[in-house]
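The values are calculated or read from the model by the stated rules, or taken from the named source; none is laboratory data. Everything numeric in this text was worked out from a predicted model, so none of it was measured. With ideal geometry, Cβ positions are generated from the backbone for all residues, glycine too; neighbour counts draw on all protein chains shown. For accessibility, only protein heavy atoms count, side chains too; no ligands or nucleic acids. Shrake-Rupley method; radii C 1.70, N 1.55, O 1.52, S 1.80 Å.
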Amino acid sequence: MPLIHSLGFPRIGAQRELKFALEAYWRGQSDARTLEYCAAGLRQRHWLLQAGMDLVPVGDFSLYDQVLDMSVTLGNLPRRAREVQGSREVIGSRAGPAPTPAAPTEDASTGVDPAESDLRDLQSYFRAARGRAPQDPPDQALAAGELTKWFDTNYHYIVPEFTADTTFSLHASRLLSHVVEARTQGHNAKPVILGPLSYLWLGKARDGSDPLALLPRLLPVYKQLLEALQASGVEWVQIDEPILCTELGAPWQRAFSQAYHELRSTRLKLLLACYFGELQENLPLACELPVDGLHVDAINGRAEVDKLVDWLPVFKVLSLGVINGRNIWKADLHGLLDWLEPVQRRLKERLWLAPTCSLLHTPVDLRHENALDPQVKSWLAFSVQKLEELQLLAAALRDGRAAHAEALARNQEAVLSRRSSSRTHNPAVRAAVAAVVPAMGTRKEQFTTRAALQQASLNLPRYPTTTIGSFPQTAAIRQARRQLREGELAPQDYERFLQDEIRHCLQQQEALGLDVLVHGEAERNDMVEYFSEHLEGYARSQNGWVQSYGSRCVKPPILFGDVSRPAPITVHWAVYAQSLSQRPVKGMLTGPITLLNWSFVRDDLPRADACLQLALAMREETLDLERAGIRIIQIDEAALREGLPLRSSQWQAYLDWTVASFRLCANGVADTTQIHTHMCYSQFNDIMPAIAAMDADVITIETSRSDMTLLDAFDDFAYPNSLGPGVYDIHSPNIPGVAQIVGLMEKAALRLDPARLWINPDCGLKTRQWDEVLPALQNMVAAARQLRGQYKSLLHTEQ
């Protein structure tokens, strides 16, 4: 029977227990001990849910981010996070492991008695993540670590920071304590760590130096870590090197060989884990590295498996990721068995089975879904169910299919039901997609002409100010939404409540002096889920939460069929909001690419076709907003960058169909209508031509955490349209000052024509509080006025 294992498990909890514990701690409503209680209880519960695995991952649990945890382990937190008021604080100094929690209960903090956490450690940790620890005074705000996408997923990690002088030291007490916890509870622990090459590759050198040059300093610390893990009694360690699925230059390939020959000195068994794509030209390298096993993504890289079986040395394990760790559809177990049975006959005990990657990207347990459409539910598998599929596969390979015929038949019935369902196919939608022509995605005039027409209509000042869309989702808003859902609030009363919220939001913006307003999106639970509720072809879960970053969770809707828009979605609220103000109020939409990439997407239709269906549906909404008199329409495409294939050689095909989808959605409007788009927390430098090809009149992007370094792309690319570089990091509680915002905008003006610059936050304000938002926006407006004054003074001097 193949050994089965998991590469990682969702950490947030089936009911988002970790989210609520973190936020209570950050607000000062609980202490570090209570937070650790919750964390220990979740770890225990999650290990029990994985008890059917031969090896259980340890070290995949994090209070914020696994890459930040690796920075802690390697002693590489930014100095600003470690030094406060002259006192140096080092993570990793906690003495001894946390005690084992008692049996899990409904309350994750019940019956658990972990040791007292080192408060200084948590303070430093959260300063690096958020720019402020709970005990820090507001005037000690620091720059939070840069946040960006984890490969091509919607998970965000804290970017490691390097300079040419960076040194490393081992601080492994937290990881080692988790190993002790798991082993004490009877689990065969397999520690999971991020590999040295991927760690350096994911980081950023602040001084322009080469991160790879730090490898000789880094490897001794990794050797110490492996020796400490060996001393803890574990047999296997999983080392994640996902960059092996990317295009690596010769220096990085040589570095892999150097690094793993050096790490081979320990007696631990090393499982090198690659995922999210194919190995391609790195396949020989991966096979030759001196490790004891290789894990590959056998869904994305299925065509490479035969070659791996042939090339991998006979003393190495081959772990095949055969259950999709990124999506929620049931696996076709009969189809997998047809493929795996011959592989098992060749590899025998050297064959291991696992999900493709960590299950971090899927919800915890389908059993919590009581309101999901029964037929759609029968097609799904969340994390727990994926591990059950893995167990059934392994059992069938061991005992033969006949011994598990009933369970396999149930799986086959669900798979065939989905394939044959009429609910997945709409002939009218397919015909509309077939009728799309390029002219539908082209504006009549070039940007410069459109910009003059729009300015004549809108009469905006230099450095116009706006926000990205959402305003704080208060407890009152969430309560009203819950009351409506549970029948405690009549629809007409909910409507009046939302009207009051919108009116309040607009009044606050007008009082602040913002130039272009938004209605605040009080009616929306999520920028993707809200639209899915009004589109045919989507289903929604109750508890299908996945982690986006830190305590931020999203509940991706389930795109199972062809997409159409039965009726207008946002027009009613946009018209109401515009009736309350003489200033322009933006219509706010989520674009087709983001709707696609932030959903659990059907795998029975090419993604390009599904995106075109979404583009047609949202095009209708865009045109309806324009017909209703909305003069500025923002179509958010926050997820454009994250959908890029890992290999740049495959980028252009992706960018061709995504840009075409955006243009189809946006460009049917008149030239006097101003189209905005927004992108957040991604690296844009290498796709600037594609962003320009979208031809939005204004693009707003995240730049504040990177101190405007994301605008380096504009040194080499003359972006033709208007741009709003974010000046307020909404993922941190810190409030930017006027001078800070002016400084950021002056940096932007060195690269772009100031006449085409807007001033705005990095992202929507949904997750912040009003007492944070108002002073930040007040400073933003004051900065815009100061910049306008400087411009007028310059004009006067020149005259």
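Laid out as a table, the results:
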quantity: Residue pairs meeting the criteria (Cβ under 8 Å; at least 6 apart or on separate chains; first farther than 19 Å from Ser581 by Cβ, in the stretch 452-475; second small (Gly, Ala, Ser) and in a loop (DSSP other than H, G, I, E, B)); calculated: Gln473/Ala522
quantity: In the stretch 423-452, the residues that are aliphatic (A, V, I, L, M) and closer than 13 Å to Asp609 by Cα; calculated: Val429, Ala431, Ala432, Val433, Ala434, Ala435, Val436
quantity: Yes/no for His519 being under 30 Å from Asp373 (Cβ atoms) and at pLDDT 95 or above; calculated: no
quantity: Selection count, the stretch 156-172, where residues are buried (at least 19 other Cβ atoms within 10 Å of the Cβ) and assigned to a loop (DSSP other than H, G, I, E, B); calculated: 6
quantity: Candidate set from the stretch 351-371 (those that are of a type in the set (A, V, I, L, M) and either open to solvent by less than 10 Å² (accessible area, probe 1.4 Å) or modelled with pLDDT of 95 or more (or both)); member that is nearest to Leu42 (Cα to Cα); calculated: Val364
quantity: Inter-residue pairs, beta-carbon under 8 Å, first within 14 Å of Pro355 (Cβ to Cβ) and in the stretch 296-315, second open to solvent by 90 Å² or more (accessible area, probe 1.4 Å) and at pLDDT below 95, 6+ apart; calculated: none
quantity: Subset tally (residues that are over 30 Å from Glu278 (Cβ atoms) and modelled with pLDDT of 90 or more) for the stretch 132-173; calculated: 13
quantity: Filter pass, Gly737 being out of contact with any Pro (no Cβ under 7 Å at 6 or more places or on another chain), at pLDDT 90 or above and under 22 Å from Glu772 (Cβ atoms); calculated: yes
quantity: Filtered residues of the stretch 525-550 (kept if among the charged types (D, E, K, R) and in a loop (DSSP other than H, G, I, E, B)); calculated: Asp526, Glu533, Arg540
quantity: In the stretch 1-19, the residues that are open to solvent by 10 Å² or more (accessible area, probe 1.4 Å) and either free of Cβ contacts under 8 Å to residues at least 24 places away in the same chain or in contact with a Pro (Cβ under 9 Å, 6 or more places away or on another chain) (or both); calculated: Ala14
quantity: Selection count where residues are more than 22 Å from the chain's Cα centre (by Cα) and open to solvent by 50 Å² or more (accessible area, probe 1.4 Å), scope the stretch 611-650; calculated: 4
quantity: Filtered residue count, the stretch 249-280, keeping only those that are assigned to a helix (DSSP H, G or I) and free of Cβ contacts under 8 Å to residues at least 12 places away in the same chain; calculated: 2
quantity: Subset of the stretch 744-774 (residues that are part of a helix (DSSP H, G or I), open to solvent by less than 40 Å² (accessible area, probe 1.4 Å) and closer than 20 Å to Val518 by Cα); calculated: Glu772, Val773
quantity: Those residues of the stretch 173-185 which are among the β-branched types (Val, Ile, Thr) and crowded, with 18+ Cβ neighbours inside 10 Å, in sequence order; calculated: Val179, Val180
quantity: Options Glu626, Glu620: the member that is acidic (Asp, Glu), touching a Pro at 6+ places or on another chain (Cβ under 9 Å) and either within 20 Å of Leu535 (Cα to Cα) or part of a helix (DSSP H, G or I) (or both); calculated: Glu620
quantity: Residue list for the stretch 22-44, restricted to those being open to solvent by 20 Å² or more (accessible area, probe 1.4 Å) and either within 16 Å of Tyr549 (Cα to Cα) or in contact with a Gly (Cβ under 8 Å, 6 or more places away or on another chain) (or both); calculated: Glu23, Trp26
quantity: Residues located in the stretch 494-503, provided they are open to solvent by 20 Å² or more (accessible area, probe 1.4 Å) and either of a type in the set (Phe, Trp, Tyr) or in contact (Cβ under 8 Å) with a residue 12 or more places away in the chain (or both); calculated: Tyr494, Phe497, Gln499, Glu501, Arg503
quantity: Close pairs (7 angstrom Cβ cut-off, 6 or more residues apart or separate chains): touching a residue at least 60 places away in the same chain (Cβ under 8 Å) and part of a helix (DSSP H, G or I) in the stretch 330-350, open to solvent by less than 50 Å² (accessible area, probe 1.4 Å) and among the small types (Gly, Ala, Ser) anywhere; calculated: Leu337/Ala396
quantity: Where Leu580 falls short, out of the listed (1) part of a loop (DSSP other than H, G, I, E, B); (2) free of Cβ contacts under 8 Å to residues at least 12 places away in the same chain; calculated: (2)
quantity: Residue, surrounded by the most Cβ atoms within 10 Å (Cβ to Cβ), within the stretch 194-240, restricted to residues that are in a loop (DSSP other than H, G, I, E, B) and within 26 Å of the chain's Cα centre (by Cα); calculated: Gly195
quantity: Failed criterion for Glu488 (all others in (1) in a helix (DSSP H, G or I); (2) surrounded by fewer than 21 Cβ atoms within 10 Å (Cβ to Cβ) hold); calculated: (1)
quantity: Search result, residues across the stretch 579-594 that are touching a Leu at 6+ places or on another chain (Cβ under 9 Å) and either modelled with pLDDT under 95 or surrounded by fewer than 24 Cβ atoms within 10 Å (Cβ to Cβ) (or both); calculated: Leu580, Ser581, Arg583, Pro584
quantity: Any hit, the stretch 334-344, residues being aromatic (Phe, Trp, Tyr) and crowded, with 21+ Cβ neighbours inside 10 Å; calculated: no
quantity: Single residue of Ala608, Ala670, Ala653 found to be at pLDDT 95 or above, surrounded by fewer than 22 Cβ atoms within 10 Å (Cβ to Cβ) and not in a helix (DSSP H, G or I); calculated: Ala670
quantity: Selection from the stretch 462-515 of residues that are charged (D, E, K, R) and more than 22 Å from Val575 (Cβ to Cβ); calculated: Arg462, Arg478, Arg482, Arg485, Glu486, Glu488
quantity: Any hit, the stretch 506-527, residues being closer than 20 Å to Arg478 by Cα, free of Cβ contacts under 8 Å to residues at least 40 places away in the same chain and surrounded by fewer than 22 Cβ atoms within 10 Å (Cβ to Cβ); calculated: yes
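Yes/no per residue for (1) among the polar types (S, T, N, Q); (2) more than 13 Å from Cys274 (Cα to Cα); (3) part of a helix (DSSP H, G or I):
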{"residue": "Pro290", "(1), (2), (3)": "no, yes, no"}
{"residue": "His295", "(1), (2), (3)": "no, no, no"}
{"residue": "Asn300", "(1), (2), (3)": "yes, no, no"}
{"residue": "Ala303", "(1), (2), (3)": "no, yes, yes"}
{"residue": "Asp306", "(1), (2), (3)": "no, yes, yes"}
{"residue": "Asp310", "(1), (2), (3)": "no, yes, yes"}
{"residue": "Phe315", "(1), (2), (3)": "no, yes, no"}
{"residue": "Ser319", "(1), (2), (3)": "yes, no, no"}
{"residue": "Arg326", "(1), (2), (3)": "no, yes, no"}
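Residue-by-condition table, conditions (1) in contact with a helix residue (DSSP H, G or I) (Cβ under 9 Å, 6 or more places away or on another chain); (2) modelled with pLDDT of 95 or more; (3) among the small types (Gly, Ala, Ser):
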site: Gly8; (1), (2), (3): yes, yes, yes
site: Ile12; (1), (2), (3): yes, yes, no
site: Glu23; (1), (2), (3): no, yes, no
site: Ala32; (1), (2), (3): yes, no, yes
site: Gly41; (1), (2), (3): yes, yes, yes
site: Leu63; (1), (2), (3): yes, yes, no
site: Leu68; (1), (2), (3): yes, yes, no
site: Gln85; (1), (2), (3): yes, no, no
